[in-house]
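Since the structure comes first, as structure tokens, the remarks are kept for the end.
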Amino acid sequence: MMNTQAQTYEPGTHPDLAPPPSTVGVQGWVRSNLISSPVNTALTVFAIYLVYSLVPPVLNYFIFDAVWAGDTSDVCRNEQGGIIGAACWPFVSVWFKQLMYGRYPDAELWRINLTYVLFAASILALALPQIPGKKWTAIFVLAIFPVLCFFLYAGGSFGLVEVETSEWGGLFLTLVIAITGIVASLPIGIVLALGRRSNMPVVRALCVGFIELWRGVPLITVLFMSSVMFPLFMPEGVTFDKLVRALVGVTLFSAAYMAEVVRGGLQAIPKGQYEGAQALGLNFPKMMYFIVMPQALKLVIPGIVNTFIGLFKDTTLVSIIGLFDFLGMVQLASTNPDWLGFVNTGYAFAALVFWIFCFGMSQYSQFIERKLHTGH
Amino acid sequence: MAAENSVIAEAEPPKVALWNDPQARALFYQVIVLGGLLFVGGTIINNTMDNLARQGIASGFGFLDTTAGFAIGYSPFLEYSEENTYFRALTVGLLNTILVAVIGILFATALGFIMGVARLSNNWMIAKIALVYIEVMRNIPLLLQIFVWYFGVLRPLPGPRQSINFADSLFVNNRGLFAPKPIFEDGFGIIIAAFIAAIIAIVYLVKWAHKRQDETGQAFPVFATSIGLLIGLPIIGAVVAGFPMSWEFSELKGFNFSGGMEIPPELVSLTLALSTYTAAFIAEIVRAGISAVNKGQTEAAYAVGLRPGPTLRLVIIPQALRVIIPPLTSQYLNLTKNSSLAAAIAYPDIVLVFGGTVLMQTGQAVEIIAIIMGFYLFVSLAISMFMNWYNDKMALVER
């Protein structure tokens, strides 16, 4: 420091200088990301204004000014009996059981919770690449678990009390519809996708027609159809439960979307794989089962997860045909005379739950996509 | 002779049993499938006939000509009253669905492109705000968003007397949105004619400018001239005709507003929810489309001396559109199909009018569901055909 005289270096021997302070660290980051040009600075100011005018009111409404505890709606009213201008979380805690399970009897809730634990454990075992035994877990989830769930939920056998489907509701019903829809639509979708790529003109035409018909109409008309037309199709005296009819509609609808996802996977398999399988003397079912499907289905896992996210969000539509799913329960609770005017809190809770489910699944699907991508 | 015969004999495929012959098998499978389908279809039709006859429900489309006898809350294009036929009610429902779809597509496209570009912005805050918007909107069910707008935002608004007032011309209250309505007087045709003339002039101008640039290399300020024509000609027309247009303002009379343009809260919340939800998906499509254009394209355009504006317009956007158009089509289709959620908040679209009221009154489920599904199928096919045509036009022409 004392020596201010310029030091001379042989060419190429000067030690590396530190980069200018304005290009590194916090200062450099702000310079290059927020104020790199006049337009950029203006945008930053606009963005700060936007955040300032949106975030504090939202936080105040839902967190700081909100009422967090209480057993009645009175805690959320002012002296005149008016509604406070903030979220009322007791709405959620008071109605929590209904929002989660509908009118399912209290004493039987263990059945639902048991299946939740089993399902969460097997999904974890499937989702994490480190855990072995994928094949057996998948067989359990796809084949044994649905049967187990059916007997547990409906009851009426093995000494279990019968629970009518009209008592099912809340998030539980949403999950039942979404998961049944996706599990049942996978095999139908595979068959349709194979049919669409078949060489037989009749089969191909039928599959194309089926897929395009369901993909061309909104789910709500399918649900209307299953609730009003399905009973007409049945012989006299045969009636089906409202939930079963909705499930049939949802399954056929998502099967068409699933078929297109699976077709994408089939198209991605090189022709050499088919020819190789045929050269080994495998017949069509064996070729599909051992060679083509394992590769194709692995490729379309992200697509299946995305279809599931769409279906999960679409299950809310069953509230229009009179089933009380999660959103339907929020609506029902908000029409209770004691709780009029607190529906926003219910919506916020529902939105949060749906968001966590859907965002989690989409992150997982992106993780799988990246994982599959690096393999090639 | 003998040699030829043996060649032919060798070329003939080995005789296989009929059940091992691929063609015979294919035929057999198809006959089975068709037969099964006919059997199931026949049973269903038979059951349906029996059920309808037993419940005393008429069949056929004759009911369309009978008097509907119910009111429809909102019919901006057609006069409709209880004495009109079911067919007219159907038309009203159709027009209402199309109205929501068109407004929704316009807003969703505009917002989606803004958000998609913002997501790629160099500005960290803008990019993060767009990211938060996209991730929040697309992971919350659409029906929930419609409910939030309708039951959560618009219905709790104050009544007509305490309306939120914008410059005494736009009023927002729990009965909807009240805006001034343009009244077209005699001579308005001149303005429309001037507008059409401007469009025709622009088409010819573009052709001429292209030709001139090809021949002489001189560029013509097409964009500025077009805007000038588009605004200038109608203004001249208006001056010539003596401004044949006035506004009818909404006024508070008694307990509600009258006059002006009334937009019901159902329509407002439906279009808001549909367009903000679909915009999140469009934003992701736009982002993917722009990122798909190689950075080398921009660098090459700069290297041949194009400025940033023409680079974007002539190099980046045409290539990005090629990636964007197909998924954008399916988003437009989704929006149109999702507009059927109108039924949940009682906006009188085709599903509510026909699948709700008319179905309740006549019980002719088969015909009504067929009409509704037929309409959506027609729209789906029409949009995808248009987009396929556009896609072919935009597609890469390879040598």
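The values are calculated or read from the model by the stated rules, or taken from the named source; none is laboratory data. Being a predicted model, the structure only gives us computed values, none of them experimental. A quick note on method: Cβ atoms are made from the backbone with ideal geometry, for glycine too, and the neighbour counts reach across all protein chains shown.
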- Residue match in region B:71-87 (condition: within 14 Å of another protein chain (Cβ to nearest Cβ) and under 24 Å from the mean Cα position of the chain (by Cα)): no
- Among (1) more than 31 Å from the chain's Cα centre (by Cα); (2) crowded, with 17+ Cβ neighbours inside 10 Å, B:SER275 falls short only on (1)
- Residues being surrounded by 11 or more Cβ atoms within 10 Å (Cβ to Cβ) and within 12 Å of another protein chain (Cβ to nearest Cβ): count how many of those fall in region A:1-38. 8
- Cβ-Cβ below 7 Å, separation at least six or inter-chain, first residue in region B:123-145 and more than 8 Å from chain A (Cβ to nearest Cβ), second basic (Lys, Arg) and surrounded by 20 or more Cβ atoms within 10 Å (Cβ to Cβ): which pairs? B:ALA127/B:ARG119; B:ALA130/B:ARG119; B:LEU131/B:ARG119; B:ILE134/B:ARG119
- Task: Tally the residues that are at negative phi and surrounded by fewer than 19 Cβ atoms within 10 Å (Cβ to Cβ), restricting the search to region A:154-177.
- Result: 9
- For region A:282-344, which helices (runs of 4 or more DSSP H) that fit wholly inside it have 1 or more residues that are within 14 Å of chain B (Cβ to nearest Cβ)? A:301-314, A:326-334
- Message: On the basis of being exposed (fewer than 14 other Cβ atoms within 10 Å of the Cβ) and touching a residue at least 60 places away in the same chain (Cβ under 8 Å), does A:LYS298 make the cut?
- Response: yes
- Return yes when B:ALA110 is within 13 Å of chain A (Cβ to nearest Cβ), modelled with pLDDT of 90 or more and in a helix (DSSP H, G or I) and no when it is not. no
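Name the residue, out of A:LEU128, A:LEU173, that is under 21 Å from the mean Cα position of the chain (by Cα) and touching a residue at least 60 places away in the same chain (Cβ under 8 Å).
Numbers: A:LEU128 fails: touching a residue at least 60 places away in the same chain (Cβ under 8 Å).
Within the list A:LEU128, A:LEU173, the selection yields A:LEU173.
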- Restricting the search to region B:147-157, which residues are crowded, with 21+ Cβ neighbours inside 10 Å, facing chain A (nearest Cβ under 10 Å) and not aromatic (Phe, Trp, Tyr)? B:VAL148
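Okay, residues lined up against (1) closer than 29 Å to B:ALA346 by Cβ; (2) outside any helix (DSSP H, G or I):
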{"site": "B:ASP50", "(1), (2)": "no, no"}
{"site": "B:TYR74", "(1), (2)": "yes, yes"}
{"site": "B:TYR80", "(1), (2)": "yes, yes"}
{"site": "B:LEU94", "(1), (2)": "yes, no"}
{"site": "B:ILE98", "(1), (2)": "yes, no"}
{"site": "B:GLY116", "(1), (2)": "no, no"}
{"site": "B:ALA130", "(1), (2)": "no, no"}
{"site": "B:TYR150", "(1), (2)": "yes, no"}
- Message: Against the condition at pLDDT 80 or above, surrounded by fewer than 19 Cβ atoms within 10 Å (Cβ to Cβ) and within 25 Å of the chain's Cα centre (by Cα), how does B:ILE199 come out, does it pass?
- Response: yes
- Task: Inspect region B:283-306 for any residue being surrounded by fewer than 21 Cβ atoms within 10 Å (Cβ to Cβ), among the acidic types (Asp, Glu), more than 30 Å from A:GLY310 (Cα to Cα) and modelled with pLDDT under 85 and give the result as yes or no.
- Result: no
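Say we look at region A:334-349 and pick out the residues that are of a type in the set (A, V, I, L, M) and free of Cβ contacts under 8 Å to residues at least 40 places away in the same chain; which of these is nearest to A:CYS88 (Cα to Cα)? Steps first, answer last, please.
Applying the first criterion (of a type in the set (A, V, I, L, M)) to region A:334-349 yields A:340, A:343, A:348.
Okay, now just the ones that are also free of Cβ contacts under 8 Å to residues at least 40 places away in the same chain, so A:340, A:343.
On the way: A:LEU340: 12, A:VAL343: 9 Å.
Among them, the one singled out is A:VAL343.
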- Message: Among the residues of region A:253-281, what is the count of those that are crowded, with 17+ Cβ neighbours inside 10 Å, aliphatic (A, V, I, L, M) and at pLDDT 90 or above?
- Response: 7
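Need a quick list: helices (runs of 4 or more DSSP H) entirely within region A:130-240 having at least 1 residues that are at pLDDT below 85 and away from every other protein chain (no Cβ under 14 Å). Walk me through how you get there before you give the answer.
Numbers: elements: A:134-139, A:145-154, A:170-196, A:201-216, A:219-228, A:230-233.
Helices (runs of 4 or more DSSP H) meeting the threshold: A:134-139, A:145-154.
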- Message: When you check B:ALA209 against the structure, is it aliphatic (A, V, I, L, M) and either touching a Lys or Arg at 6+ places or on another chain (Cβ under 9 Å) or modelled with pLDDT of 80 or more (or both), yes or no?
- Response: yes
- Message: For the structure I just gave you, tell me whether B:GLY176 is more than 9 Å from every other protein chain (Cβ to nearest Cβ), of a type in the set (Gly, Ala, Ser), closer than 30 Å to A:VAL318 by Cα and touching a residue at least 24 places away in the same chain (Cβ under 8 Å).
- Response: yes
- Task: Write out, first by first residue and then by second, each pair whose Cβ atoms fall under 6 Å of each other, whose residues are 6+ apart or on separate chains, and whose first residue, in region B:32-47, is in a helix (DSSP H, G or I) while the second is of a type in the set (Val, Ile, Thr) and surrounded by 10 or more Cβ atoms within 10 Å (Cβ to Cβ).
- Result: B:VAL33/A:VAL203; B:LEU34/A:VAL202
- Would you please list the contacts, defined by Cβ atoms under 9 Å and residues six or more apart or on different chains, that run from a residue in region B:200-223 that is without any contact (Cβ under 8 Å) to a residue 60 or more places away in the chain and outside the structural domain of B:GLY309 (by TED's automatic domain parsing) to a residue that is in a helix (DSSP H, G or I) and of a type in the set (Gly, Ala, Ser)? B:ALA201/B:SER226; B:ILE202/B:SER226; B:LEU205/B:SER226; B:VAL206/B:SER226; B:ALA219/B:ALA209; B:PHE220/B:ALA209; B:PRO221/B:ALA209; B:VAL222/B:ALA209
- Message: I'd like to verify a number: residues in region B:343-376 that are at the interface with another protein chain (Cβ under 9 Å from one of its Cβ atoms) and touching an Asp or Glu at 6+ places or on another chain (Cβ under 8 Å), how many?
- Response: 1
